[in-house]
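Nothing in this text is a laboratory measurement; each read-out follows from the coordinates by a stated rule. Just so we're clear, the structure is a prediction, and the values are computed from it rather than from any experiment. Note that we place each Cβ from the backbone using ideal geometry, even for glycine, and neighbour counts take in every protein chain shown.
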Amino acid sequence: MIVRKNISIDQSYVDKLKPFLEKNNGNLSAAIRDAIETASLSLTGSTVENGEKDSSKVSQNAEFRNKLIEDDEFLLVHHTLLEWLIKKTSGLLIDESIVYELINPYKVKRISDVVNYINSFNEKMGWKIKVDAEYSQDSEPETVSLTLSDGNPYFREIMAHYLALYLAKQMKLDVQGLFCKSNMTKIYFKRFEFLDYQKVPKGLERYFGQMDLVFREIQKKPEFWKNLIKTYRQQNYQRLSINRKTFEALVSGNLPSLAEITRDFELDTGKPPEAFTLAEHIMIFKEVYLTDSIGSDIEVCTVKGREYVKLIHDYSDKKVCEIIAKYYSNILKSTGYPFTITTNPHMILFVFGKMPDSTSFPEMSTL
């Protein structure tokens, strides 16, 4: 089909068509057809050339991986086994020395270096994970966010762990947030100051090493923990777990003084009670109560102006209930925040800042 169009063309383009015009005895239409044909062949050749380059790169990457396997630096592992290993070791921190086998701290010193190196290595290894970064500045940034996209989600988790540990130890960037989706993992970092290089930064421990301390303790005393877990399971967790001094105080009836409780609190938290908000105190108290296992359950509210703690227990002996109420009352008194306390046979309620609503708790009486 011939399509006829009137076209306008500058003289400069006519001059460029001169070789084609001479070839076609001045026939402009034929000259334009030849120019289009030549351009088409050139583009096709470029595509083929790019394809050959891509194929060559894939081949080089395959050779790179094979060489690592031949040199016993890497092993070929089925992805299902790898996923199982990652899931079963989730929450355990990777050893720092292992991270440095992948990333050389003497060569990779800037955020851009980290991103370029990891992306290059990912491509060579065929992991199909892409890393992007946003940062305040390339050298010693205050904030950084890394986005890991595509690839195997379990291996992406390990890669995120690697990068988080490297940035914490080498660039003083601790994890502030971690968000995971099926095809993307995003980590937010913020600069912090090392007080002790050997200690694990709080954010890194929270998001990647929450089970690390537990595992290390089990390794230290495996028989103790094995027997303890077995006993707890057999007795459906109906056991107490309290400090020996607390046990002695409860048995003797001589409950710890406020000064003793405050001292123990500072030893446990590293800060005096006044350094914490009421909401923080309530959450710390909840953790202590659940760990002690003296009661069976706890309900708390940390909404400002409506704070309360409700302890639920299974004890029916009046004297036991009174001792427990006094014991936990002393703990909450050490926080420095005023409260009222009411009890019934299986519940102790602490309401901060105001008296409890009698219509909400009709069976309770003030202790």
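Numerical summary
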| read-out | value |
| --- | --- |
| Per-bin percent of Cα-Cα distances, the range 240-366 [10 Å] | 12, 46, 36, 7, 0 |
| Translational D in µm²/s for the range 137-217 (Stokes-Einstein at 20 °C, 1.002 mPa s, Kirkwood Rh from C-alpha pairs) | 163 µm²/s |
| Spin-label model distance (nm) - residue 180 vs residue 125, 7 Å beyond Cα toward Cβ | 1.7 nm |
| Given the chain, longest segment not containing exposed loop GluC sites (Glu not before Pro) (DSSP; at most 15 other Cβ within 10 Å) | 194-362 |
| GNM top mover of 113, 150, 297 - the chain, alpha-carbon springs below 10 Å | 297 |
| Partners for residue 221 among lysines (Cα-Cα distance below 19 Å; same-chain residues under 8 apart left out) | 230 |
| Largest-first principal axis extents of the Cα set of the range 210-313 (Å) | 45, 37, 27 |
| Expected 222 nm ellipticity per residue - DSSP helices of 4 or more, -39500 (n - 2.57), all of the chain, to 500 | -16500 deg cm²/dmol |
| Longest site-free stretch - the chain; sites: trypsin sites (Lys or Arg not before Pro), DSSP loop, at most 14 other Cβ within 10 Å | 6-106 |
| Contour minus Cα-Cα distance for residue 248 and residue 291 (0.36 nm per residue) | 13.7 nm |
| Added length on full extension, which subtracts the Cα-Cα distance from 0.36 nm per residue, residue 35 to residue 67 | 6.7 nm |
| Cα Rg, Dmax, the chain, angstrom units | 34.1, 118 |
| Extension gain (nm, one decimal) between residue 83 and residue 24, 0.36 nm per residue minus Cα-Cα | 14.6 nm |
